[in-house]
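This report refers to the structure that appears directly beneath it.
The values are calculated or read from the model by the stated rules, or taken from the named source; none is laboratory data. It should be emphasised that the depicted structure is a prediction, and the values quoted were computed from it without experimental measurement. Backbone-built Cβ (ideal geometry, glycine too); neighbour counts: all protein chains shown.
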Amino acid sequence: MPMKTDSVHPPELTQRIHAAPESATVRIADLAKTLRRQGEDVVDFSAGRAAEDTPKPICRTASDAMMNGDTHQTMAQGKPEYREAVAKKLKRENAIDADPETEIIATFGCKNGLTLSLLSILNPGDEVILEDPGFVSYAPTIQFFGGVPVPVPLRPENDHRWKEEELRAAITDRTKAILFCSPHNPTGVVHTPEELDVICRVAQENNLYVISDEIYERVVWGAHQHTCISTRPGMKAYSITLMGLTKTASMGGWRVGFTYAPAPVIRAMVTLQQHLATCVSSFTQMGAAHAFGEEPGTDLTNMWKEWERRCEYMTSELDSLPGVSCSMPEGGFYGWADIRQTGESSEALAERLLKEQHVAVVPGSAFGEQGAGFLRITCVKSDQELEKGVERLKRVIK
Ligand code: GLU
């Protein structure tokens, strides 16, 4: 048989990938990097990545571990040392008594915790309620596993909180879980215990898992306090808690975090991890054990203070732009700027900012329908970059 050399049609990719949008956060951050490599002076406020490098003591612990031969695969559930450090952190900072043997698994950041937990609890066609606006990767990830995302609006007029009646109205006999994030990406809301109890009531009455993404839990501002939903009365059995160090210890490149959940969920996640990735890399777990195992040192607490100041600076600058309103986030480090008064759509303005002034931001519409008319701006860049960005924003939003 002669080889076919003329028009070659490679076999089809999956429907799942045809249907998947790119991640707006990662795509725009990659685009900013590409433009920089081409010599453009880009100010990048897109993905949630702080200017600071990981504090050196954490790096030293990981590099010592590596130099001392900690270069082998670990248990699929994660190193016992890491899980014990996580249990200590949960007790000290979150009032949680977790069993490191059965209730904690090491994950590659929170995204891996999300994928393993969804794979553990979803059958095809099961529905997951999620926030609109919400993190860009939730809905596509649910769909990759045959689940159905059911967005419920966080209305600006309700201070970006769910209304209990709207949450209840979204429940069907296929609902399996509620997925939410607090401190919230992108709006900066930190749920009070009473606000969490809306979710708790709905979950308990309908026998639903609650997957709570708490990646920003160590950075809450002013008088706001983070409460883990799993600590609310009766919630331990329903809660799958995702945490990590990507944001709060500026360890995004390490890809390390953990999930705390009831033992049967963790057992399911371990089986999946055995097949899908074997384990989280060994020496990163040792660095992460250092970051979690001790009371946060001044290298972290000073960095968080600095971030609060930068969030204040950036959100008040945004708020002073004509047609823009932006308040200080309660937690996390995003400015969620309401640009509806400018009359321009979030995509159009984001595109103009990038084209005209090389400022990269994420259009709010990427986070869901309710995000239309908003821009998300990462505030934890260097002072110099923030000032440069503000100057350029002023040139575009007049
Ligand atoms: N989670 C971050 C964000 O919302 C980082 C980007 C990503 O991992 O998607 O910007």
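Test residue 284 against the stated conditions and say whether it is touching a residue at least 12 places away in the same chain (Cβ under 8 Å), away from the ligand (no atom under 16 Å from the Cβ) and out of contact with any His (no Cβ under 6 Å at 6 or more places or on another chain). Answer is yes for this residue. The residues of the stretch 359-388 that are within 13 Å of residue 335 (Cα to Cα) and away from the ligand (no atom under 16 Å from the Cβ) amount to a single one, 386.
Report the residue count in the stretch 6-44 for those that are in a helix (DSSP H, G or I) and either modelled with pLDDT of 95 or more or within 16 Å of the ligand (Cβ to nearest atom) (or both). Write out each step before concluding.
At the first step, the residues of the stretch 6-44 found to be in a helix (DSSP H, G or I) are 15-19, 24-37.
Checking the rest, the ones that are also either modelled with pLDDT of 95 or more or within 16 Å of the ligand (Cβ to nearest atom) (or both) come to 24-37.
Qualifying residue count, the stretch 6-44: 14.
Summed over the stretch 295-325, the residues that are over 27 Å from residue 91 (Cβ atoms), of a type in the set (Lys, Arg) and surrounded by fewer than 18 Cβ atoms within 10 Å (Cβ to Cβ) give a count of 1. Residues of the stretch 18-44 that are buried (at least 16 other Cβ atoms within 10 Å of the Cβ) and either among the β-branched types (Val, Ile, Thr) or within 14 Å of residue 366 (Cβ to Cβ) (or both): 23, 24, 25, 27, 28, 29, 42, 43.
Taken as a whole, the structure leaves residue 47 outside the set of residues that are more than 16 Å from the ligand (Cβ to nearest atom) and either within 28 Å of residue 185 (Cβ to Cβ) or touching a helix residue (DSSP H, G or I) at 6+ places or on another chain (Cβ under 8 Å) (or both). Scanning the stretch 192-199 for residues that are surrounded by fewer than 20 Cβ atoms within 10 Å (Cβ to Cβ), modelled with pLDDT of 95 or more and more than 30 Å from residue 95 (Cα to Cα) turns up nothing. Just so you know, in the stretch 206-221 the residues that are surrounded by fewer than 21 Cβ atoms within 10 Å (Cβ to Cβ) and closer than 22 Å to residue 116 by Cβ include one that is farthest from the ligand (Cβ to nearest atom), and it is 207. Within the stretch 96-115, being under 14 Å from residue 239 (Cα atoms) and within 16 Å of the ligand (Cβ to nearest atom) holds for 113, 114.
Residues of the stretch 143-166 include none that is surrounded by 20 or more Cβ atoms within 10 Å (Cβ to Cβ), of a type outside the set (A, V, I, L, M, F, W, C) and touching a His at 6+ places or on another chain (Cβ under 6 Å).
Within the stretch 237-281, the set of residues being closer than 16 Å to residue 115 by Cα, away from the ligand (no atom under 16 Å from the Cβ) and part of a loop (DSSP other than H, G, I, E, B) comprises 261, 277, 278, 279, 280. Output the residues belonging to the stretch 29-44 that are within 22 Å of the chain's Cα centre (by Cα) and either over 17 Å from residue 385 (Cα atoms) or without any contact (Cβ under 8 Å) to a residue 24 or more places away in the chain (or both). Passing the criteria: 30, 31, 33. Restricting attention to the stretch 308-367, the residues that are more than 12 Å from residue 45 (Cβ to Cβ) and part of a loop (DSSP other than H, G, I, E, B) add up to 15. When restricted to residues that are closer than 15 Å to residue 270 by Cα and polar (S, T, N, Q), the stretch 80-138 contains 6.
Would you check which residues across the stretch 116-166 are among the hydroxyl-bearing types (Ser, Thr, Tyr) and within 13 Å of the ligand (Cβ to nearest atom) and list them? I'd like the intermediate steps shown before the answer.
Looking only at the stretch 116-166, we keep the residues that are among the hydroxyl-bearing types (Ser, Thr, Tyr), and these are 117, 120, 137-138, 141.
Of everything in the stretch 116-166, those that are among the hydroxyl-bearing types (Ser, Thr, Tyr) and within 13 Å of the ligand (Cβ to nearest atom) turn out to be 137, 138, 141.
When the residues of the stretch 222-236 are filtered to those that are farther than 22 Å from residue 118 by Cβ and out of contact with any Pro (no Cβ under 7 Å at 6 or more places or on another chain), the one that is surrounded by the fewest Cβ atoms within 10 Å (Cβ to Cβ) is 223.
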